[in-house]
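*Asks:* Submitted below is the structure of interest, expressed as structure tokens.
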Amino acid sequence: MRIVHYINQFFGGIGGEDKADFRPEVREGVVGPGQALNQALAGTGEIVATVICGDSWFNENLEEAKATVLEKISKYSPDLVIAGPAFNAGRYGMACGAVAEVVSKQLGIPVVSGMYKENPGVEVYRKFAWIVETGNSAADMRKAVPAIVAMVKVFAAGQTPEPGTYIERGVRVNYMANERGSKRAVDMLVKKLTEQPFVTEFPMPEFDRVAPNQPIRDLSKAKIALVTSGGIVPKGNPDHIESSSASKYGKYSLEGVTDLTAETHETAHGGYDPTYANKDADRVLPVDVLRDLVKEGVIGSLHEYWYATVGNGTAVASAKAYAQKIAEDLHNYKVDAVILTST
Amino acid sequence: MDMENQRRVKEYAEKFGKEQVVCILGGAEAEASGLAAETVSNGDPAWAGPLAGVQLGLKAFHIFEDDIKNQVDPAVYEAQVSLMEMVLDVDAITKEVSTIRNQYANW
């Protein structure tokens, strides 16, 4: 099996960040981690050439980079390409992913890579590559190399890697099943009920399980806060919260505010029709109703600030970080409960 | 270990002979110190620098290890090292470095 290896300037021995503008070059044979891969691949395949490109240059000249790297790779007529491993290096992961995209589309051959699960290259390019999950730094090379080699050997044997040995690609493949879906589902259910092993046909994404807080005993004494991912901000969006993939959240005073109006408030959110939120932002952040409830004695008080970000396309990791800071602040103000409104 | 240091270690090992060179490490935690010890003995574990695939087999000691510490002028050690010795996890660091040394060092 003929293999071409794609690596960045660092693993290519060219240099660190100061050499990240290094343009694509080919070296015959192995460079850097390719030495370890080649040793482990003995008898199965051989890295015939290594393409090296600086991470900055690749990402700043994406189209040219993809075309140039593809041209250099295709000259060697490989059966497979190894890109990386990139661990948690973001731009390197994005470059490996882009190489995987162009190689799999244009040459129709598999691309094997290794990345840390939070590398942005995983999210963007996972359907184009067979990505082995690695640790977050190059210190994990000694585990990454055998994992990548094991996957290459699967391809060399003319097989497809087993699910679970790579980061899920989000690719659905049609096949003819012997039994119809309802029968298969009931069979699985019966196995589950009788505690026998079964394999799901549609794995669910992993969500955080958050343990619920203790219930509020007496609402009429509770201090309630409003937090929203619906993007409600003072008119003019003073913190410039982005309409998508928000990089921040805002904290705004409710002092003297009893009603949100088209003159005073609006939404920064770009993921839904903002007309009705802009006409009356209470529809997303119900300040008017909560003021009424305070007056009626249903709740003790309304917290003097509200917190807002835009949920549209915002990374879970960012949302978590904002939530941690907001929760700290709420603790400091001795808030008893929070109403979270989305869109 | 960065590329420049790898290059220097390799150069000195060639110039003075592997059996004549010992590396003294000052890493602040166990994993980094162990990786440096591995780099100069078994080769760069990240396979990126000049020592990728080069097994020099050099002995590496951490400055905290008694074999080295006892050879340093106590006044100098006191002035330069002892403060860090108080705040770092000395046991973990010395255990990691000596484990790697016993596994890979030849000289």
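The values are calculated or read from the model by the stated rules, or taken from the named source; none is laboratory data. Just so we're clear, the structure is a prediction, and the values are computed from it rather than from any experiment. Here the Cβ is made from the backbone with ideal geometry for all residues, glycine too, and neighbour counts use every protein chain on show.
*Asks:* Can you find, within segment A:10-33, the residue that is surrounded by the fewest Cβ atoms within 10 Å (Cβ to Cβ) among those that are basic (K, R) and modelled with pLDDT of 95 or more?
*Replies:* Just the residues of segment A:10-33 that are basic (K, R), to begin with: A:19, A:23, A:27.
Now restrict to residues that are modelled with pLDDT of 95 or more: A:23, A:27.
On the way: A:R23: 14, A:R27: 16.
Checked segment A:10-33; the qualifying residue surrounded by the fewest Cβ atoms within 10 Å (Cβ to Cβ) is A:R23.
*Asks:* Restricting attention to segment B:76-102, report how many residues are over 14 Å from B:S33 (Cα atoms) and either touching a residue at least 60 places away in the same chain (Cβ under 8 Å) or not in a helix (DSSP H, G or I) (or both).
*Replies:* So the answer is 1.
*Asks:* With the structure loaded, tell me whether A:E71 is in a helix (DSSP H, G or I), acidic (D, E) and in contact (Cβ under 8 Å) with a residue 24 or more places away in the chain or whether it fails that test. Show your work before the answer.
*Replies:* Values: in a helix (DSSP H, G or I): yes; acidic (D, E): yes; in contact (Cβ under 8 Å) with a residue 24 or more places away in the chain: no.
No.
*Asks:* Among the listed residues A:A177, A:A211, A:A222, identify the single one that is of a type in the set (A, V, I, L, M) and touching a Gly at 6+ places or on another chain (Cβ under 7 Å).
*Replies:* Of the residues listed, the single one that is of a type in the set (A, V, I, L, M) and touching a Gly at 6+ places or on another chain (Cβ under 7 Å) is A:A222.
*Asks:* Counting just the residues of segment A:11-29 that are at the interface with another protein chain (Cβ under 9 Å from one of its Cβ atoms) and touching a residue at least 12 places away in the same chain (Cβ under 8 Å), which one comes out nearest to the chain's Cα centre (by Cα)? Before the answer, list the steps.
*Replies:* Restricting attention to segment A:11-29, the residues satisfying the condition of being at the interface with another protein chain (Cβ under 9 Å from one of its Cβ atoms) are A:11-13, A:15-16.
Then keep just the ones that are touching a residue at least 12 places away in the same chain (Cβ under 8 Å); that gives A:11-13.
Details: A:F11: 25, A:G12: 27, A:G13: 29 Å.
In this case the residue turns out to be A:F11.
*Asks:* Would it be correct to say that A:Y76 is among the hydroxyl-bearing types (S, T, Y) and part of a helix (DSSP H, G or I)?
*Replies:* Numbers: among the hydroxyl-bearing types (S, T, Y): yes; part of a helix (DSSP H, G or I): no.
No, not satisfied.
*Asks:* Quick one: which of A:M141, A:M151 is in a helix (DSSP H, G or I), within 14 Å of chain B (Cβ to nearest Cβ) and either of a type in the set (G, A, S) or in contact (Cβ under 8 Å) with a residue 12 or more places away in the chain (or both)?
*Replies:* Values: A:M151 fails: within 14 Å of chain B (Cβ to nearest Cβ).
Sole residue among the options that is in a helix (DSSP H, G or I), within 14 Å of chain B (Cβ to nearest Cβ) and either of a type in the set (G, A, S) or in contact (Cβ under 8 Å) with a residue 12 or more places away in the chain (or both): A:M141.
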